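Here's the structure, in structure tokens; my notes come after.
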Amino acid sequence: MKKKANKSNRLRKYRKTIVYASFNAMLMGFMLAYFIAADRLRSMKLGEYPDMPRAIIVQNYNEARPSIIVDSILIGLLITLIFFLLNMLIMFKIKHNINLIKAFIQYIKRRKNNN
């Protein structure tokens, strides 16, 4: 019972850092995904060349819109994951003076030695 209390106390001091890192990563990821989707949709509305008939532009836009939105959501999730990892590394080093990569490697070595 005491081990669980120690683990929660150990993580409690890092909770704010983890929440800030995840919030910043989500904000950056979805903002970049929104800008990517908006740029692609805007370029679709303009058409491929100036003499293109409006009906074909609208048809191409309506066909491509769902795939562009899905692609931007997936890109946003990928960017969120990358920014979260980078943000965690940087924020833990700045706020708590912990190198997460070294701590993770030491944790894996300890687990390997115990088994």
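Readers should treat all values here as calculations from the given coordinates under stated rules, not as data from a laboratory. Just so we're clear, the structure is a prediction, and the values are computed from it rather than from any experiment. Every residue, glycine as well, gets a Cβ built from its backbone with ideal geometry; the counts of neighbours run over all protein chains shown.
Residues of the range 87-115 that are surrounded by 14 or more Cβ atoms within 10 Å (Cβ to Cβ) and within 12 Å of Asn24 (Cβ to Cβ): Asn87, Met88, Met91. Scanning the range 54-86 for residues that are among the hydroxyl-bearing types (Ser, Thr, Tyr), under 16 Å from Tyr34 (Cα atoms) and surrounded by 15 or more Cβ atoms within 10 Å (Cβ to Cβ) returns Ser72, Thr80. Within the range 15-48, the set of residues being within 21 Å of Ile90 (Cα to Cα), hydrophobic (A, V, I, L, M, F, W, C) and surrounded by 15 or more Cβ atoms within 10 Å (Cβ to Cβ) comprises Ile18, Ala21, Ala25, Met26, Met28, Phe30, Leu32. Is it the case that the range 60-71 has a residue that's in contact with a Phe, Trp or Tyr (Cβ under 9 Å, 6 or more places away or on another chain), free of Cβ contacts under 8 Å to residues at least 60 places away in the same chain and not in a loop (DSSP other than H, G, I, E, B)? Scanning the range 60-71, I find no residue that is in contact with a Phe, Trp or Tyr (Cβ under 9 Å, 6 or more places away or on another chain), free of Cβ contacts under 8 Å to residues at least 60 places away in the same chain and not in a loop (DSSP other than H, G, I, E, B), so the answer is no. Report yes if Asp51 is surrounded by 12 or more Cβ atoms within 10 Å (Cβ to Cβ), out of contact with any Gly (no Cβ under 7 Å at 6 or more places or on another chain) and acidic (Asp, Glu), otherwise no. Spelling it out, it is not the case that Asp51 is surrounded by 12 or more Cβ atoms within 10 Å (Cβ to Cβ), out of contact with any Gly (no Cβ under 7 Å at 6 or more places or on another chain) and acidic (Asp, Glu).
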